[in-house]
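The next block holds one structure in the form of structure tokens; read it before the comments.
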Amino acid sequence: MKAVEEKKTSTERDKKETILSVRNLVTKFYTEEGVVEALEGINFEVKKGEIYSLVGETGCGKSVTVKSILGLLERTGKVESGEAIFYRSSTLDRPVDLLSIKESRIRKIRGKDITYIPQDPSSSLNPVYTIKNQLLEIIRPHSDISKKEALEKAKELLEEVDLAPPENYLSKYPFQLSGGQKQRIIIAMALATEPSLIIADEPSTALDVTVEAKVLDLMEELIASHDTSLILITHNLGVVAQISDRIGIMYAGRVIEVASTENIFYKPYHPYTFGLLKSVPSIKKREKELDFVKGLVPDLYDPPSGCRFHPRCEYQTDVCKEKKPPYEEVEPGHNVACYYSKEVKKDRREEDL
Amino acid sequence: MVNKEYILKRLGLAVLVMFGVYTIGFTLTFVAPGNPAQAALGQKANKEAVEALEEQWGLNEPLPVQYKNYLINFINLDWGESFRYRGESVTGILASRYPKTMYYAVWSLVFAIVMSIPLGLIAAYKQNTWVDNLSVLVSQVGISIPNFWLGMLIIAILAVWLDLISVVPDVPTGSLWSFPGFFTHVTDYFGIIITLGTALMARNTRMTRSSTLDVLSEEYITMARAKGLKERTVVLKHALRNALIPVVTSIGFNLLLLFGGAVVVETVFGLNGIGKLYIDSIIRRDYPIIIALLLTYTIGVVFVNLIIDISYSVIDPRVQLR
């Protein structure tokens, strides 16, 4: 019964309004060793109330994508072109391009309309300030409430992330808490300003498996109850299957396939997605040797020409080496960047995913 | 935070340290060749006079007895008379010298901190810009240039050539530590303060810069920015306090080097402070002064270290003083 309900809501979400739309985002890093072409044209959009996952191997540009959008790139990184239109700014009544507005403007959106959950909770809280200090610091500047009201709000938030009684946690320093507790505090911070979008960068990788499951459940629950959207960055397909509505698969600085969770898992069109899914261990395939995507992630100092996946792709032909495949809609709401998506479709019928 | 037990434990340790320093210091002083009585009376003095003086000063006693006597007298605050300045009490001499050295040492420290922390912080924040290059240059030069050379340079330029300062500050000791004398006499001691403070400032700039660079690449700085905080808050609240943790240790350590520098600077500027007294007393084999300086200085070092450890625990809550 519950599963049916969930399915229904996810199809409803497809029709909902877009809150963030990223187009042709190109980011490069200018290091002493050379130029890293980290992102070569990222396209995706996030709709109201949905959980959108960006999935890919380490180094494919997931974190760079969100840091580019939020203006949090380190000094060497530079957004070269593209746009990231945000439709739900509470300070401006019109859609804003996050990549071109002034630093002082984006600061009012960051931490207010869009919040960030970083990868490692342990290193993301400042070791020398109390939890209370670090919570109030996000609550107060973004609203006109008194210190007392802010403190009440902080307590509410801690209760919401199952840290009760809140008084026990407010006066603590980060080193006095466990990894799971710290991640809950970070989640509380992310919810503090009632944002319309939360971006979580591998929020659970640094945690134990049992804690990870709890934190993910909590996040899913809170996203629904606060009616916000979530961009979830991860390399873990299990996590993605569990909670996301739509998935974008990234490879070497590009989103190569975007579809609903069901479609990505059951009807992939891109050879890389197909390969990834075949590499997920399964009870049914127990006797067989585990499949994997052959080759390595390319060196982005000197990326392959054309489609960056071609050196590892079994479908590759000359056209793949010469020209970047266009990003096309193969089914409604299902976009792929590959010349041979039809062949993949044919092949995957023969394989039992 | 700081508790009574911790302070008591540290005081106990301090006693042990004092004892060790006294033993080593006494041995080095008394075993080194040279006879204070002979030195006081001159090479041509007759033997009887020298022996009489030795007896008066207790130098004919066996070393272990003298070792015991000096220690007991020090503890009883009966520090005796100087060998060199006959008839003057050691307490009186130290009381007239310490305030001068402390005065410019404190101001050198203030100069070093006030200059180095902002410079190091800005340099790290604006890495690879002209501010950063300037800070690297300043710290490189400051560390490399010897105190005595810088002192002479300052005398030559500021005192002799431009006639802006006097070489030897001629200020009554008492007014140095009064209000507003404490502030107005900075100009009199300007040359000394800069000479002594430069090395410390240079070292500290480098330390602040590198520790700020480390801190700025921490995840919690990205997090602070993601919260939408102003850059000023990110740097002054989140980065600075963490960056100061290693800097505080380094300041404490360098403060001790500062007193070593006092010997050189006082010689160059001809100031009668502790540094010059130390050197003169060693040359003239003025045992009571040497021992008193040694022990008072050690007390100072122990005290400074305690202050540093306490301030460390104030800056960094992870440090628990036990």
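Within the range B:277-322, the residues that satisfy the criterion of being acidic (D, E) and outside any helix (DSSP H, G or I) are B:D286, B:D316. Selection over the range A:79-107 of residues that are closer than 13 Å to B:R225 by Cβ and surrounded by 14 or more Cβ atoms within 10 Å (Cβ to Cβ) gives a count of 2.
When the range A:224-233 is filtered for residues that are touching a helix residue (DSSP H, G or I) at 6+ places or on another chain (Cβ under 8 Å) and open to solvent by 10 Å² or more (accessible area, probe 1.4 Å), only A:H226 remains. Filtering the range A:322-353 to residues that are in a helix (DSSP H, G or I) and within 20 Å of A:E40 (Cα to Cα) leaves only A:E322. One residue is enough: does the range B:242-249 have a residue meeting the conditions open to solvent by 30 Å² or more (accessible area, probe 1.4 Å), over 30 Å from A:I139 (Cβ atoms) and in contact (Cβ under 8 Å) with a residue 12 or more places away in the chain? Within the range B:242-249 (the criterion being open to solvent by 30 Å² or more (accessible area, probe 1.4 Å), over 30 Å from A:I139 (Cβ atoms) and in contact (Cβ under 8 Å) with a residue 12 or more places away in the chain), the answer is yes, since at least one residue qualifies. One residue stands out in the range B:183-197 among those that are open to solvent by 20 Å² or more (accessible area, probe 1.4 Å) and under 18 Å from the mean Cα position of the chain (by Cα): the one that is nearest to B:M102 (Cα to Cα), namely B:V186. When the residues of the range B:108-136 are filtered to those that are closer than 21 Å to B:L255 by Cα and out of contact with any Leu (no Cβ under 9 Å at 6 or more places or on another chain), the one that is least open to solvent (accessible area, probe 1.4 Å) is B:G120. Scanning the range B:137-152 for residues that are surrounded by 14 or more Cβ atoms within 10 Å (Cβ to Cβ) and either without any contact (Cβ under 8 Å) to a residue 24 or more places away in the chain or in a helix (DSSP H, G or I) (or both) yields B:V138, B:S139, B:G142, B:I143, B:N147, B:F148, B:L150, B:G151, B:M152. Residues of the range B:153-168 that are more than 25 Å from B:N254 (Cβ to Cβ) and open to solvent by 40 Å² or more (accessible area, probe 1.4 Å): B:A156, B:I157, B:V160, B:W161, B:L162, B:D163, B:L164, B:S166, B:V167, B:V168.
The set of residues in the range B:241-255 being at pLDDT 90 or above and more than 10 Å from chain A (Cβ to nearest Cβ) consists of B:A243, B:P246, B:V247. A:C60 fulfils the conditions (1) within 12 Å of another protein chain (Cβ to nearest Cβ); (2) open to solvent by less than 50 Å² (accessible area, probe 1.4 Å); (3) under 25 Å from A:A38 (Cβ atoms); (4) not polar (S, T, N, Q) except for a single criterion, (1).
For the range A:169-200, a residue qualifies if it is buried (at least 24 other Cβ atoms within 10 Å of the Cβ) and within 15 Å of A:S244 (Cβ to Cβ), and the qualifying residues are A:I199, A:A200. For beta carbons closer than 8 Å, sequence separation of 6+ or different chains, a first residue in the range B:75-87 that is crowded, with 16+ Cβ neighbours inside 10 Å and a second that is among the aromatic types (F, W, Y), the qualifying pairs are B:F83/B:W57; B:F83/B:Y287.
Give the residues of the range A:251-267 that are over 19 Å from A:K47 (Cβ atoms) and touching a strand residue (DSSP E or B) at 6+ places or on another chain (Cβ under 7 Å), sorted by residue number.
Those that are over 19 Å from A:K47 (Cβ atoms) and touching a strand residue (DSSP E or B) at 6+ places or on another chain (Cβ under 7 Å): A:G253, A:R254, A:I256.
Considering B:S178, B:S217, B:S210, the condition of being away from chain A (no Cβ under 14 Å), free of Cβ contacts under 8 Å to residues at least 12 places away in the same chain and not aliphatic (A, V, I, L, M) is satisfied by B:S178 alone.
The values are calculated or read from the model by the stated rules, or taken from the named source; none is laboratory data. The shown structure was predicted, so the numbers you read here are calculated from the model rather than taken from an experiment. Methodologically, a virtual Cβ is constructed for each residue, glycine included, from the backbone with ideal geometry; neighbour enumeration extends over all protein chains shown. Calculation scope for accessible area: heavy atoms of the full protein, side chains included, ligands and nucleic acids excluded. Shrake-Rupley method; radii C 1.70, N 1.55, O 1.52, S 1.80 Å.
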